[in-house]
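Here is the structure we will look at.
No value in this document is a laboratory result; all are computed from the given coordinates. Since the model is a prediction, treat every value here as computed from it, not as a measurement. Quick reminder, even Gly has a Cβ in these numbers, built from the backbone with ideal geometry, and neighbours come from all protein chains shown.
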Amino acid sequence: MSTNRRILLGLVTGVALAACGLFAQGSSPVPEPIQKIFKRSCGGVGCHQGQYPKMALNFDTAEGVAAAIGAASMGRPESKLIDPNDPDKSYILMKLRGDRAIAGRRMPSGKDPLKPEEIQAIRDWIAGLKGKDQDSDQDSPPPALKKPRFPVPAFWGRTLANLPTALPIDKGHVLFRVSHRFFNPVSGGIKDFYGLDSPAQVLFGFGYGISDRLGVSISRTNIDQDVELGLSWLALSQGGNGGLPFSAALNVSANVTTLAREGRAFLASENVGFNMALSLVHQLSGRVSLMLVPAYATNTTHGDPTIQGTLGLGVGGRVMVFEDFSLIAEWMPVLSGHAAEMDGWSIGVEKKIGGHVFQVFILNSHGLTSDQVVPGGDLRSDVRLGFNICRTF
């Protein structure tokens, strides 16, 4: 290639890159410093993020903040969330300042107020938007934000006690999960503090949202030192594709029990299993949801020299009693293959606080990974205590 052609190619490439840079900068009316304030104070704390943010406001992304420009507040529908024509009447600014006219509490809730210079930076940004607001007619009511069919998802957690739900991990977010199953039953009474003084089966896990529908996870439990690698895919969403009456998520995983056993290699077939579960979820309302989970695990007898699989059909449900506080229950009957002492079940409560989901329950199973859960429970006439904690970042 001649020198002139190299120069011409370099100039064309440089112009193309510059144009792409300008387009990227102009694609969102929210500058990066402003977005960082919203994300740190409102989005990343778990309130205004994800597919089901509070008040339909997602401040975790620049697109979410931009959607609030000219849109009506749910707290005061006559007011615009971000009003370029009258910045000081922007309801977001009023909430950040704690004006008397706001509905509810000053934002960010439960945290220190924004610094005066941060609030001023947001005010200056809003003022700079004048003339760019698509809804500039002061006499017409501001448009409402686009909201999902239900204000909350069918299930807040990625699991009930054990069954996987259809809730995906939002794109780019990290999920942390810890699950605890006390070994001794409640019937131990006060001398055993109702099972709380006993050893416990514990799981630690992490997940990552590759997209808003696809996520990966890794977890480990001290039962058999079992490591599980998982992939979850939200294939269908309720209300989508012509008004589907349910959501469907496919969960596949592979397990390796790393507990050393005499005469058995690390990756011996007796130590490895594959699992599949299809979570079919129907949300009757914002408060009531049901779930059906056919599940199969290829190897549910890791401690035995013979390999047996298990086919189960899980059933679960949630009833929201108060805001973000629900009753949850599940049942996992075994249809064929290896079965434990009896079908697994659990009954408990769930509370969502920001990005945290807390679940406390009684149950008859100590299993935590897929291959341990599908065969059922090990307590016939007694129960033990357990809990799950999930946090998304």
Checklist outcome for this item: Distance in nm between ASP382 and LEU231 label points, each 7 Å along Cα→Cβ, equals 4.2
Checklist outcome for this item: Here the gain from full extension of PHE274 to PHE176, 0.36 nm per residue of separation minus their alpha-carbon distance, amounts to 33.0 nm
Item to check | Anisotropy class of the range 142-272 from Cα gyration tensor, a/c 1.5 cut | outcome: oblate
Next on the checklist: Can you tell me, using C-alpha contacts under 8 Å and at least 6 residues apart, the relative contact order of the chain as a whole percent?
Outcome noted: 12
Item to check | Packing-based exposure ordering (other Cβ within 10 Å, fewest first) of TYR91, TYR208 | outcome: TYR208, TYR91
Item to check | Cβ-derived FRET efficiency at R0 25 Å, VAL288 paired with ASN222, nearest 0.05 | outcome: 0.10
Checklist outcome for this item: Charge tally for neighbours of PRO108 with beta carbon under 10 Å away, counting Lys, Arg as +1 and Asp, Glu as -1, is +4
Checklist outcome for this item: Options [x] 5, 22, 31, 26, 14, 3, 0; [y] 5, 19, 25, 20, 15, 11, 5, 1, 0; [z] 4, 18, 20, 18, 14, 10, 9, 6, 2, 0 are given for P(r) over Cα pairs in 10 Å bins from 0, in percent, and the computed one is [y]
Item to check | the range 32-127 shape via C-alpha gyration tensor axes, a/c threshold 1.5 | outcome: rounded
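What 222 nm value per residue comes from the helices of the chain, counting each DSSP H run with n ≥ 4 as -39,500 (n - 2.57) and dividing by all residues, nearest 500 deg cm²/dmol?
-4500 deg cm²/dmol
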Checklist entry - Over the range 228-304, what is the relative contact order in whole percent, taking alpha-carbon pairs under 8 Å and six or more residues apart? => result 26
Next on the checklist: Skipping prolines and chain starts, which residues have an amide H placed within reach, meaning under 5 Å, of the one on THR159, given they are 5 or more residues away or on another chain?
Outcome noted: THR165
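Quick one: grab the alpha carbon gyration tensor of the range 174-392, order the square roots of its eigenvalues as a ≥ b ≥ c, and give me rounded if a/c is under 1.5, else prolate or oblate depending on whether a/b is larger than b/c.
Here the range 174-392 falls in the oblate category.
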